[in-house]
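S.K.: First the structure, which I've put down as structure tokens, then a few questions once you've had a look.
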Amino acid sequence: MPTAKQDKTRKNGLTVKDLIVMGVFGALLMVCSMIGGVLFAVTPTLTFYFSIGAALLPGPVFLLLLAKVPKRWGLTIIGVIISLLSLIMGMHWGMCVGGLIGAFLADMIAGTKNYRSKKLNILAYIVYSFGPMGTYIAYFVDPEGWASTMLQNGTTQEYINAMNNAAAWWVLVIMIMGTALIAWLSGLVGCKLLRKQFEKAGITA
């Protein structure tokens, strides 16, 4: 059980130390996502599965972040930072908006139990992992508008043509189900790897 001192710390606002930790973990989350998803992203016929690859590695980092900074708005702030960086890097606005929404919803879910529930924290990670899907949902809703934006951002017409040939309704289903499954497994692995950290932070099953 958390001590009175730990409870008091959680109730306080974000400190400078918290912001530094969040900056480090935000960078780690972004790097892990890119490492897991890069092979999908560079291949137009596989790009729809980017969110599946991106969900593979960040689970332990995400859960450790919640153990280190179990405070409201931490995930949301990280979502804002990552979304802005993604926009600067030339990502479609749909990925940036999706990432921001995913981080905010993850913050709300994990926060309902004060970031102490492993099950809710894993659920929060699954929701967080849906963020990158925003760009592909935008694609399926408006392929021409999506293509126009990405052409302006430097994507080649050949890449977009290959995407169009690979797009199908079942791709969207695989993308959603695959991301949820991989994120859940990544969260479970994170729980096992970080068990001592969770116990120290008072996180329960």
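The values are calculated or read from the model by the stated rules, or taken from the named source; none is laboratory data. These numbers come from a predicted model, not from an experiment. Glycine also receives a Cβ, built like all others from the backbone with ideal geometry; neighbour counts cover every protein chain displayed. Remember, those area values only see protein heavy atoms, side chains included, never the ligands or the DNA or RNA. Shrake-Rupley method; radii C 1.70, N 1.55, O 1.52, S 1.80 Å.
Residue by residue, here is whether (1) among the polar types (S, T, N, Q); (2) at pLDDT 95 or above; (3) over 22 Å from Gly13 (Cα atoms) holds:
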{"position": "Ile81", "(1), (2), (3)": "no, no, no"}
{"position": "Ser86", "(1), (2), (3)": "yes, no, yes"}
{"position": "Gly90", "(1), (2), (3)": "no, no, yes"}
{"position": "Leu100", "(1), (2), (3)": "no, yes, no"}
{"position": "Leu105", "(1), (2), (3)": "no, yes, no"}
{"position": "Ile109", "(1), (2), (3)": "no, yes, no"}
{"position": "Thr112", "(1), (2), (3)": "yes, yes, no"}
{"position": "Lys118", "(1), (2), (3)": "no, no, yes"}
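S.K.: Looking at the stretch 93-112, I want the residues that are of a type in the set (A, V, I, L, M, F, W, C) and have a partner that is not in a helix (DSSP H, G or I) with Cβ atoms under 8 Å, at least 6 apart or on another chain. Which pairs are those?
M.R.: Pairs found: Met95/Gly131; Met95/Pro132; Leu100/Gly131; Ile101/Gly131; Ala103/Gly131; Ala110/Ser117.
S.K.: If Ile109 satisfies every condition in (1) under 12 Å from Thr76 (Cα atoms); (2) under 13 Å from the mean Cα position of the chain (by Cα) but one, which is the exception?
M.R.: Condition (2) is where Ile109 drops out.
S.K.: Here's a check for you: in the stretch 38-58, which residue that is more than 17 Å from Gly187 (Cα to Cα) and outside any loop (DSSP other than H, G, I, E, B) is most open to solvent (accessible area, probe 1.4 Å)? Don't jump to the end; show me each part of the working.
M.R.: Applying the first criterion (more than 17 Å from Gly187 (Cα to Cα)) to the stretch 38-58 yields 38-50.
Narrowing further to those that are outside any loop (DSSP other than H, G, I, E, B): 38-41, 47-50.
Numbers: Val38: 69, Leu39: 130, Phe40: 61, Ala41: 36, Thr47: 7, Phe48: 1, Tyr49: 35, Phe50: 14 Å².
My answer is Leu39.
S.K.: Output the number of the condition that Val189 fails; it satisfies all remaining conditions of (1) in contact with a Pro (Cβ under 7 Å, 6 or more places away or on another chain); (2) β-branched (Val, Ile, Thr); (3) in a loop (DSSP other than H, G, I, E, B).
M.R.: If we test Val189 against (1) in contact with a Pro (Cβ under 7 Å, 6 or more places away or on another chain); (2) β-branched (Val, Ile, Thr); (3) in a loop (DSSP other than H, G, I, E, B), just (3) comes out false.
S.K.: Consider the stretch 169-191. How many of its residues are at pLDDT 95 or above, buried (at least 20 other Cβ atoms within 10 Å of the Cβ) and not aliphatic (A, V, I, L, M)?
M.R.: Going through the stretch 169-191 one residue at a time, the tally reaches 3.
S.K.: List the residue pairs whose Cβ atoms are under 6 Å apart, where the first residue sits in the stretch 113-138 and is farther than 14 Å from Gly37 by Cβ, the second is open to solvent by 50 Å² or more (accessible area, probe 1.4 Å) and of a type in the set (D, E, K, R), and the two are 6 or more positions apart or on different chains.
M.R.: Leu120/Lys113
S.K.: Before we move on, is Leu87 open to solvent by 30 Å² or more (accessible area, probe 1.4 Å), aliphatic (A, V, I, L, M) and without any contact (Cβ under 8 Å) to a residue 12 or more places away in the chain?
M.R.: yes
S.K.: Looking at the structure I just gave you, is Val61 under 16 Å from Gly187 (Cβ atoms) and open to solvent by less than 40 Å² (accessible area, probe 1.4 Å)?
M.R.: So Val61 passes the test.
Residue-wise test of (1) hydrophobic (A, V, I, L, M, F, W, C); (2) buried (at least 18 other Cβ atoms within 10 Å of the Cβ).
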site: Gly111; (1), (2): no, yes
site: Lys118; (1), (2): no, yes
site: Ile126; (1), (2): yes, yes
site: Met133; (1), (2): yes, yes
site: Ala138; (1), (2): yes, yes
site: Val141; (1), (2): yes, no
site: Asn153; (1), (2): no, no
site: Leu193; (1), (2): yes, no
site: Phe198; (1), (2): yes, yes
